[in-house]
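Chemist: I'd like to ask some things about the structure below.
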Amino acid sequence: MDWQNLPSSNNVEDRRGSGGGGGIGLGGGAIGGGAALIIALLGWFFGFDTSSITGGGQTQQPQVQSRPSQTQGGQTQGGQTQGGQQDRSGQFVSKILGSTEQVWGDVFQKNGRTYQPPRLVLFSGAVNSACGQASSAVGPFYCPSDRKVYLDTDFFALMQRRLGGGGDFADSYVIAHEIGHHVQNLLGISDKVDRAQRSARSEAAANRYSVGLELQADCFAGVWGNRTQSQTNLSQQDVQSAINTATAIGDDALQKQSRGTVVPDSFTHGSSQQRVSWFMTGFRSGDPGKCDTFNGAI
């Protein structure tokens with residue numbers, strides 16, 4: 001994947017090393033694409049029960065302290081840190097974010113609307129957001145309240161080491177998924193899902209709406225992938241890396257590895273098969289209109 005060919009974004013905030021408090025306290029409608037994965041991994045490492053995240057049971061979430069503050073982070077320009085040092089992670093995120101701005105800007109314009117790009121916050125250890133305080137343990141997430149995506153890039157290395165996912169296009173898929181949540185927010189889809197969940201008659205029914213939201217974000221990520229192919233010279237190996245990642249972070253895969261059993265009614269992100277299927281629907285078509293994961297139910 002030749003991501004260097006993509007346009008850069010100026011909407012990256014680099015808070016790495018600035019400190020941000022500790023603990024997991026997300027609320028306010030935060031939407032996460034990688035939370036279940038990170039919590040499950042922490043469970044494997046430290047031996048606590050992950051069932052409250054991956055389905056069933058109750059547990060107290062771990063308190064993960066941030067790394068000590070060393071330098072004050074600032075806004076990045078094209079992936080450059082405040083001190084002027086080129087940083088590959090910052091460059092990569094800036095390029096992927098810039099390409100999502102290009103893709104969704106074009107989609108919105110062709111539909112008579114103006115795309116309002118989100119800001120993407122890079123952090124290390126922990127971060128404060130309008131949705132509350134969060135540690136790296138929750139993984140990448142989108143906060144509708146401040147319209148920002150939050151990402152600790154250490155997530156990518158962890159994903160590659162522990163689940164065999166990873167690679168530039170797989171990492172891009174993770175970012176594009178979170179941008180998909182921003183698109184849902186702009187289109188009012190997130191609000192519709194929230195209302196539907198509040199009126200749902202059971203937890204299982206509410207979970208199904210959550211699954212629809214996550215699968216649609218996967219499909220939107222696929223749309224982004226389709227529309228950037230010519231710029232990035234994607235190979236079949238690149239696409240397979242995204243498929244491998246989507247497979248690894250399916251609810252059934254995570255539940256089976258963390259608990260040994262699978263409880264479909266507790267799914268909040270979708271099965272491995274569903275995540276791959278909807279990502280590929282977006283990737284093959286390049287059409288966000290093909291991404292109705294709710295079958296008209298909202």
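The values are calculated or read from the model by the stated rules, or taken from the named source; none is laboratory data. Note that this is a predicted model, so its numbers are computed, not measured. Cβ placement follows ideal geometry from the backbone for every residue including glycine, while neighbour counts extend to all protein chains displayed.
Chemist: When you look at residue 241, is it hydroxyl-bearing (Ser, Thr, Tyr) and surrounded by 19 or more Cβ atoms within 10 Å (Cβ to Cβ), yes or no?
Modeler: Against the criterion (hydroxyl-bearing (Ser, Thr, Tyr) and surrounded by 19 or more Cβ atoms within 10 Å (Cβ to Cβ)), residue 241 qualifies.
Chemist: Name the residues in the range 265-282 that are buried (at least 24 other Cβ atoms within 10 Å of the Cβ) and farther than 15 Å from residue 210 by Cα, would you?
Modeler: Of everything in the range 265-282, those that are buried (at least 24 other Cβ atoms within 10 Å of the Cβ) and farther than 15 Å from residue 210 by Cα turn out to be 279, 282.
Chemist: State whether the residues of the range 190-200 include one that is hydrophobic (A, V, I, L, M, F, W, C) and closer than 22 Å to residue 98 by Cα.
Modeler: For the range 190-200, residues hydrophobic (A, V, I, L, M, F, W, C) and closer than 22 Å to residue 98 by Cα: absent.
Chemist: Within the range 273-298, take every residue that is aliphatic (A, V, I, L, M) and part of a helix (DSSP H, G or I) and give me the one that is nearest to residue 197 (Cα to Cα).
Modeler: This residue is 276.
Chemist: I've got another one for you. Within the range 140-181, count every residue that is within 19 Å of residue 216 (Cα to Cα) and more than 10 Å from the chain's Cα centre (by Cα).
Modeler: Residues flagged as within 19 Å of residue 216 (Cα to Cα) and more than 10 Å from the chain's Cα centre (by Cα) within the range 140-181 amount to 6.
Chemist: Of the numbered conditions (1) touching a residue at least 24 places away in the same chain (Cβ under 8 Å); (2) in a helix (DSSP H, G or I); (3) buried (at least 20 other Cβ atoms within 10 Å of the Cβ), residue 252 fails exactly one; give the number of that condition.
Modeler: That leaves (1) as the condition not met.
Chemist: Can you confirm whether the range 174-190 contains a residue that is at pLDDT 95 or above, touching a helix residue (DSSP H, G or I) at 6+ places or on another chain (Cβ under 9 Å) and either acidic (Asp, Glu) or under 24 Å from residue 256 (Cα atoms) (or both)?
Modeler: Within the range 174-190, one or more residues are at pLDDT 95 or above, touching a helix residue (DSSP H, G or I) at 6+ places or on another chain (Cβ under 9 Å) and either acidic (Asp, Glu) or under 24 Å from residue 256 (Cα atoms) (or both).
Chemist: As an exercise: evaluate residue 172 against (1) in contact with a His (Cβ under 9 Å, 6 or more places away or on another chain); (2) crowded, with 23+ Cβ neighbours inside 10 Å and give the number of the one condition it does not meet.
Modeler: (1) is the only condition that residue 172 fails.
Chemist: Go through the range 225-249 residue by residue and tally those that are under 16 Å from residue 159 (Cα atoms) and in a helix (DSSP H, G or I).
Modeler: 10
Chemist: Return a yes/no flag: does the range 159-179 have any residue that is free of Cβ contacts under 8 Å to residues at least 24 places away in the same chain, part of a helix (DSSP H, G or I) and at negative phi.
Modeler: Yes, the conditions are met somewhere in the range 159-179.
Chemist: Kindly list, by first and then second residue, each pair from a residue in the range 109-129 that is over 24 Å from residue 91 (Cβ atoms) to a residue that is part of a loop (DSSP other than H, G, I, E, B), limited to pairs with Cβ atoms under 6 Å and residues at least 6 apart or on different chains.
Modeler: Pairs that qualify, where the first residue is over 24 Å from residue 91 (Cβ atoms) and the partner is part of a loop (DSSP other than H, G, I, E, B), are 128/20.
Chemist: So which of 234, 213 ends up being buried (at least 24 other Cβ atoms within 10 Å of the Cβ) and either closer than 14 Å to residue 177 by Cα or in contact (Cβ under 8 Å) with a residue 40 or more places away in the chain (or both)?
Modeler: Of the residues listed, the single one that is buried (at least 24 other Cβ atoms within 10 Å of the Cβ) and either closer than 14 Å to residue 177 by Cα or in contact (Cβ under 8 Å) with a residue 40 or more places away in the chain (or both) is 213.
Chemist: Among the numbered conditions (1) within 21 Å of residue 187 (Cβ to Cβ); (2) not in a loop (DSSP other than H, G, I, E, B), tell me where residue 114 comes up short.
Modeler: (2)
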